[in-house]
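Single-structure report; data block below.
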Amino acid sequence: MKKLLIYSATLVLTSIALLSPSYATANTDDGKVPHIDGNVQFPPTRWRIVRHTIRVHVPKNSKALTELSINAPDTITISSDIKNIKIVDEKEQKIDANISVNGRNIQIAFAEPVAPNTKFNVELKNVKRRLLGNGYIYQLTAKFVDSDAEIPIGVAQFRLYY
């Protein structure tokens, strides 16, 4: 009986270690519309000032991305200082863009269109949170080469830690 309990406990602990949470990522790269590939909050605690990072994936069958608009929830305050907004690719290389903050809306106009088959992070530093609600939801829209239409590409939800 003791051996069975020890083996069961070992199996459960091994399974938990192997199935630890990781970033969600799209398995297919054949989509036509960019999407949110993941998001991270640092520190993952209930601190009042945090950094929110949103990972965007432009799939290989998509048109190049020219603009990105992020609509932040009303339960946070985003710094109007554009130095607190950083856009980097997978190799941590800065992506040049004109950034403007108007209240809760962040407009990002890329200097060069973001090519298909690219992943990049939008880092929002010094985000001031109010400890209300069940989480923070950002809505993202994008514009593409040869189009002025804003296409919704998804939402990024950050959990409220207690």
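The values are calculated or read from the model by the stated rules, or taken from the named source; none is laboratory data. Remember, it's a predicted structure, so these values are computed and weren't measured experimentally. With ideal geometry, Cβ positions are generated from the backbone for all residues, glycine too; neighbour counts draw on all protein chains shown. Areas reflect the complete protein model, heavy atoms only, side chains present, ligands, DNA and RNA absent. Shrake-Rupley method; radii C 1.70, N 1.55, O 1.52, S 1.80 Å.
Numbers for the structure displayed
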item	result
In the stretch 47-78, the residues that are open to solvent by 30 Å² or more (accessible area, probe 1.4 Å) and part of a loop (DSSP other than H, G, I, E, B)	47, 48, 60, 61, 63, 74
Any chance residue 122 is out of contact with any Leu (no Cβ under 8 Å at 6 or more places or on another chain), among the aliphatic types (A, V, I, L, M), closer than 20 Å to residue 42 by Cβ and not in a loop (DSSP other than H, G, I, E, B)	no
Tally of residues being exposed (fewer than 13 other Cβ atoms within 10 Å of the Cβ) and in contact (Cβ under 8 Å) with a residue 24 or more places away in the chain across the stretch 84-93	1
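Matching residues to (1) touching a residue at least 40 places away in the same chain (Cβ under 8 Å); (2) farther than 13 Å from residue 72 by Cα; (3) open to solvent by less than 40 Å² (accessible area, probe 1.4 Å):
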{"site": "95", "(1), (2), (3)": "no, yes, yes"}
{"site": "99", "(1), (2), (3)": "no, yes, yes"}
{"site": "103", "(1), (2), (3)": "no, no, no"}
{"site": "115", "(1), (2), (3)": "yes, yes, no"}
{"site": "127", "(1), (2), (3)": "yes, no, yes"}
{"site": "135", "(1), (2), (3)": "no, no, yes"}
{"site": "139", "(1), (2), (3)": "yes, no, no"}
{"site": "150", "(1), (2), (3)": "yes, yes, no"}
{"site": "156", "(1), (2), (3)": "yes, no, yes"}
